[in-house]
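Student: I have a structure here, written as C-alpha cells, and I will follow up with some questions on it.
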Amino acid sequence: MFDNNLSGYLPSQVCKGGALQRLIVANNYFKGTIPSSLKNCSSLFRVRLEGNKLNGNISEDFGIYPNLDYIDMSYNQLYGQISPNWAYCPNLTKFRISGNLLTGKIPSELGKLLQLRFLDLFSNQLTGDIPKELGTMSLLFNLTLSDNKISGVIPLEFGNLSNLEILDLSNNDISGPIPPQLKGCIKLRMLNLRKNKFDGIIPSQIGEFKRLQDLLDLSHNLFGGEIPPQLASLTYLTSLNLSHNNLSGAIPSSFGSMLDLTSIDVSYNNLEGPIPISKLFQNSQAEWFIYNKGLCGEVPSLPSCESISISTHHSIENHIIFFLIIPILGGWILLGLSTMIIAAFCRRGKPTEQKDNDLIIGDLFSILNFDGRVAYNYIINATKNFDEKYCIGSGTYGKVYKVEFPMEQVVAVKKLHPVEGVFDEKSFQSEIQVLTRIRHRNIVKLHGFCSSSGFKLLIYEYIEKRSLASILRSQEAVEELNWERRAHIIKNVADALSYIHHDCDPSIVHRDISSNNILLDFDFKAYLSDFGTARVVQPNLSNCSMPAGTFGYAAPELSYMIRVNEKCDVYSFGVVILEVIMGRHPGDLISSLSSSSVQHMLFSEVLDQRILPPTAYMVKEVLLLAIIAFSCIHDIPQARPTMQRISQLLISGNIPTIHEPFNSIKLCQLVEFLT
C-alpha cells in the first residue's frame, strides 16, 4: 500500500493473530493513532509508516520486536519520548523517526543496537546530551540528529565509528571543540556541524578524512584561529562552508589544488590576504567572500591585492578618527540602535547646494573600504543632488537611486521623503536596527545610512533586476520566469524568512512580505528587502504594534489584533507563492476558495498561462508549492506551518504523491494538505 493515495484510519487489529511481518503504508493520508495491536506484534520484520498524518504517543504505542529489521515513522505527528525498549530489537538495522514532535533525551540504551546502520532523528524537539554509548554501534554508517535542541559535546567515543559515512549534527546547541578522536571516522563522506556553538580551532585532523566528498559544513559556529592548510588534502570534496565564524589569517594557497571543489563559502569571518589561484576562485560568487577583514585577488567583486593595502591603510586612519571624535562630540544626537551600528558625526563641507550641519553618517561603506563622508559626498555629486534621471524606482516612502562608485562598485540609495513634512523616524530606525543585526544570502544588505534634519538616506547593495512584482507584470520579462526559476525564488524567500523567524535571537517579523519587496538579480536569485515595518519580537512581552503590511498580502487577523506574530509573515508568504504560480495577485481566488465551484477547479487552470506548463520533472515541485501556499493562508494562524517547517519541506520535497494525471488534479486535493 506504499504511495497509493489512501486515507482514513489504520485498522486497530491490523496484527490480529500475531503473524504480521510487513506493514508498509508509507506516503499516504492515514491519520489517527498507531494501531493498538502493533504493541504486542512481535512478528514484525519491516514497518514503514512515513509520510502520513499519524499521531499518538510513541512512548506507549510500541513494544519489543526481536525480529524487526527496519522501521520508518518519519513525517507524521507523533509525540512523546523515545523508549529505551527499542534497544531490545537486536536485529534492527534502520531506525528513522524524523520530522515529528518527539521530546526528551536520546536513550543511552540505543547503543545496544549493534546491528544498526541508519539512525535518523532529524527535525524533532530532542534535548540533552548525545549519549556516548552511540559510539559502540560499529556498523553505523548514517547518524542524523540535526534540527533538534541537543546540547553538550561530541562524545569522544564517536572516534570508534569506523563505518560512519554521514554525520549530521547541524542546527542544535552542541558546543566545545571538535574532538581529535573524530579522525577515527575514516569513511566519512559528509560532515555537517553548521549552526551550533562549536569553538576552538578547526582541527587539522579533518584533513585526514580522505573520503570526505559531499559536504564539509562548519558554518555558523564560534571557530577561531586560522584555516588549517591540511584541509587541502580533501581532494574529493565538492562543497566547503566555513562561513559565519571568527576565522582569521589567509585562505591557504593550497586550496587552489582542490580540483573537485565546486563551492566554498568563507564569508563573515576575519580573513585577509590573497585568494588562492584556481578556476573555482576565478569564477566564484561574490557572496562567498563578503564581510571579511581584507580579502583580495583576481576574483570578481574583490579588489586587487595592490589596492587593498592602500584602502586598509586609510580605513585604519578613519577608525582611529571615529574613536577620537565620538567621546568629544558625546553631546550630539546619537542614533544608537545597537552595538552593531557605528555612528560617526561629521561636519558637512560644501559638496552641493544642500547645507545641513547636523549630518549623521552611520557605518557608511565600511564594507567597501570607503571613508563615510567621502562616500556621502560622492552620492550627492553622482546623482546631481538626486536628479530624476538617476531614479530607478519609487514607493510610498521614498525613491531609489542607482549610484556607481569607482572600481565598478554599485549601490542602491533610498532617499526617504517626508509625509506631511515629517519623516517616519520609527520606520527609518527600525530598518537600520534590523538590517545591521542580520546577515543572510537572501536578504538585501545595508551598507550604511545618512541622516539630517533635511533628508534621510539608506544605502543598500544593488540588485540588478527589478522586483518580482514588476517582472510578473511584464509580458516580455515574465517569459524568462520559467517554473524552475519560480520554485527557486520561493525557496530563497523561505530561507530568508526562516532565518529571521528561527535563527535570529530575538526573532524578527518582517510584516510587509509582498512581491514588491522581493528583488531579483541577473541569476533570478531572490532577496528580501524593505524592513521599514519589521519588528523584533521580544520574549515574554506583549509585542503589540500598529497594523502594517500591504493590502492584499496582510493576514486577516490583523483587522482585529495588533500583536506582532510570525504567522502574519507566513500568511503573506502564502499569498506570494500563489501569485508566483498564477502570475497575478490571487485575491479573487483566496476570497472565493471556500466555494464549491472554486474547490473543484482544475489546478492547471490557475497556473500562469503565459509560460509553458511545468515539465514532468517540475510537476511535483509545483504541486508542493501550491500545497504549502494553501496551508500558509489558513484562516487560523496556529494552523499555519512555521517557516522552518516550510523551508525543510522545500528542501526535502517529501510529500505523498498524488496518483492522478496533472491536468486532472483539483484545488480541493491541495487545500489543507499539510494540516
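Student: Taking only the range 133-154 into account, find how many residues are surrounded by fewer than 20 Cβ atoms within 10 Å (Cβ to Cβ) and more than 22 Å from Thr93 (Cβ to Cβ).
Tutor: Residues meeting the conditions: 4.
Student: Identify all residues within the range 267-300 that are on the phi < 0 side of the Ramachandran plot and aromatic (Phe, Trp, Tyr); write none if there are none.
Tutor: Passing the criteria: Phe281, Trp288, Phe289.
Student: Same structure, new question: From (1) modelled with pLDDT of 85 or more; (2) not in a loop (DSSP other than H, G, I, E, B), pick out the condition that doesn't hold for His447.
Tutor: Only one criterion in (1) modelled with pLDDT of 85 or more; (2) not in a loop (DSSP other than H, G, I, E, B) is unmet by His447, namely (1).
Student: Going through the range 179-190 one residue at a time, which ones are farther than 20 Å from Gly128 by Cβ and out of contact with any Asp or Glu (no Cβ under 7 Å at 6 or more places or on another chain)?
Tutor: Across the range 179-190, the qualifying residues are Pro180, Gln181, Leu182, Gly184, Cys185, Ile186.
Student: I'd like to know if the range 61-68 contains one or more residues that are in the same structural domain as Gly32 (by TED's automatic domain parsing), among the aliphatic types (A, V, I, L, M) and in contact with a strand residue (DSSP E or B) (Cβ under 8 Å, 6 or more places away or on another chain).
Tutor: yes
Student: On to the next question. What pairs come up if the first residue lies in the range 609-630 and is among the hydroxyl-bearing types (Ser, Thr, Tyr), the second is at pLDDT 90 or above, and their beta carbons are under 8 Å apart, counting only those six or more places apart or on different chains?
Tutor: Between residues of the range 609-630 that are among the hydroxyl-bearing types (Ser, Thr, Tyr) and residues that are at pLDDT 90 or above, the close pairs are Thr615/Trp483.
Student: Do you know which of the residues in the range 21-56 that are buried (at least 18 other Cβ atoms within 10 Å of the Cβ) and in contact with a helix residue (DSSP H, G or I) (Cβ under 9 Å, 6 or more places away or on another chain) is farthest from Ile71 (Cα to Cα)?
Tutor: Looking at residues that are buried (at least 18 other Cβ atoms within 10 Å of the Cβ) and in contact with a helix residue (DSSP H, G or I) (Cβ under 9 Å, 6 or more places away or on another chain), I get Pro35.
To keep it simple, each residue is scored yes or no on (1) over 28 Å from Asn163 (Cβ atoms); (2) in contact (Cβ under 8 Å) with a residue 40 or more places away in the chain; (3) of a type in the set (Val, Ile, Thr).
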{"site": "Lys187", "(1), (2), (3)": "no, yes, no"}
{"site": "Ile201", "(1), (2), (3)": "no, no, yes"}
{"site": "Leu215", "(1), (2), (3)": "no, no, no"}
{"site": "Leu237", "(1), (2), (3)": "no, no, no"}
{"site": "Pro252", "(1), (2), (3)": "yes, no, no"}
{"site": "Leu259", "(1), (2), (3)": "no, no, no"}
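Student: Here's another thing I want to ask about it. Going by what's in this entry, would Gly574 be described as crowded, with 23+ Cβ neighbours inside 10 Å, touching a helix residue (DSSP H, G or I) at 6+ places or on another chain (Cβ under 9 Å) and not hydrophobic (A, V, I, L, M, F, W, C)? Reasoning before the result, please.
Tutor: Numbers: crowded, with 23+ Cβ neighbours inside 10 Å: yes; touching a helix residue (DSSP H, G or I) at 6+ places or on another chain (Cβ under 9 Å): yes; not hydrophobic (A, V, I, L, M, F, W, C): yes.
So Gly574 passes the test.
The rows are residues; the columns are (1) surrounded by fewer than 21 Cβ atoms within 10 Å (Cβ to Cβ); (2) at pLDDT below 85; (3) in contact with an Asp or Glu (Cβ under 8 Å, 6 or more places away or on another chain); (4) within 24 Å of Ile290 (Cα to Cα).
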residue	(1), (2), (3), (4)
Ser452	yes, yes, yes, no
Phe455	yes, yes, yes, no
Glu464	yes, yes, yes, yes
Arg473	yes, no, no, no
Asn482	yes, no, no, no
Leu497	no, no, yes, yes
Ser529	no, no, no, yes
Met546	yes, yes, no, no
Thr550	yes, yes, yes, no
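Student: So, one more: Just name the residue that is surrounded by the fewest Cβ atoms within 10 Å (Cβ to Cβ) out of those in the range 499-524 that are over 15 Å from Arg437 (Cα atoms) and among the hydroxyl-bearing types (Ser, Thr, Tyr).
Tutor: Here is the first cut: in the range 499-524, the residues over 15 Å from Arg437 (Cα atoms) are 511-524.
Subset that is among the hydroxyl-bearing types (Ser, Thr, Tyr): 514-515.
Values: Ser514: 23, Ser515: 21.
Only one residue fits best here, namely Ser515.
Student: Consider Ile490 carefully, then state whether it is β-branched (Val, Ile, Thr) and either assigned to a loop (DSSP other than H, G, I, E, B) or at pLDDT below 90 (or both). Walk me through how you get there before you give the answer.
Tutor: Numbers: β-branched (Val, Ile, Thr): yes; either assigned to a loop (DSSP other than H, G, I, E, B) or at pLDDT below 90 (or both): no.
No, not satisfied.
Student: Next up: Would you please name the residue that is surrounded by the most Cβ atoms within 10 Å (Cβ to Cβ), looking only at residues in the range 435-450 that are of a type in the set (A, V, I, L, M, F, W, C) and under 18 Å from Ala412 (Cα atoms)?
Tutor: Taking the range 435-450 first, the residues of a type in the set (A, V, I, L, M, F, W, C) are 435, 438, 443-444, 446, 449-450.
Among the residues that remain, those that are also under 18 Å from Ala412 (Cα atoms) are: 435, 443-444, 446, 449-450.
On the way: Leu435: 23, Ile443: 23, Val444: 20, Leu446: 23, Phe449: 26, Cys450: 24.
Per the stated criteria, the residue is Phe449.
Student: Related question: From (1) on the phi > 0 side of the Ramachandran plot; (2) among the small types (Gly, Ala, Ser); (3) without any contact (Cβ under 8 Å) to a residue 40 or more places away in the chain, pick out the condition that doesn't hold for Ser83.
Tutor: For Ser83, the failing item is (1).
Student: Name the one entry in Asp569, Asp608 that is under 30 Å from the mean Cα position of the chain (by Cα), modelled with pLDDT of 90 or more and surrounded by fewer than 21 Cβ atoms within 10 Å (Cβ to Cβ).
Tutor: From the options Asp569, Asp608, the qualifying one is Asp608.
Student: For the list (1) closer than 17 Å to Ala26 by Cβ; (2) surrounded by fewer than 16 Cβ atoms within 10 Å (Cβ to Cβ); (3) among the polar types (S, T, N, Q), I need the number of the one condition that Asn91 fails.
Tutor: Only one criterion in (1) closer than 17 Å to Ala26 by Cβ; (2) surrounded by fewer than 16 Cβ atoms within 10 Å (Cβ to Cβ); (3) among the polar types (S, T, N, Q) is unmet by Asn91, namely (1).
Student: Filter the range 191-215 down to the residues that are under 28 Å from the mean Cα position of the chain (by Cα), over 19 Å from Asn245 (Cβ atoms) and not in a loop (DSSP other than H, G, I, E, B) and list them by number.
Tutor: Within the range 191-215, none qualify.
The values are calculated or read from the model by the stated rules, or taken from the named source; none is laboratory data. If you're wondering where the values come from, they're calculated on a predicted model, not measured in any experiment. Every residue, glycine as well, gets a Cβ built from its backbone with ideal geometry; the counts of neighbours run over all protein chains shown.
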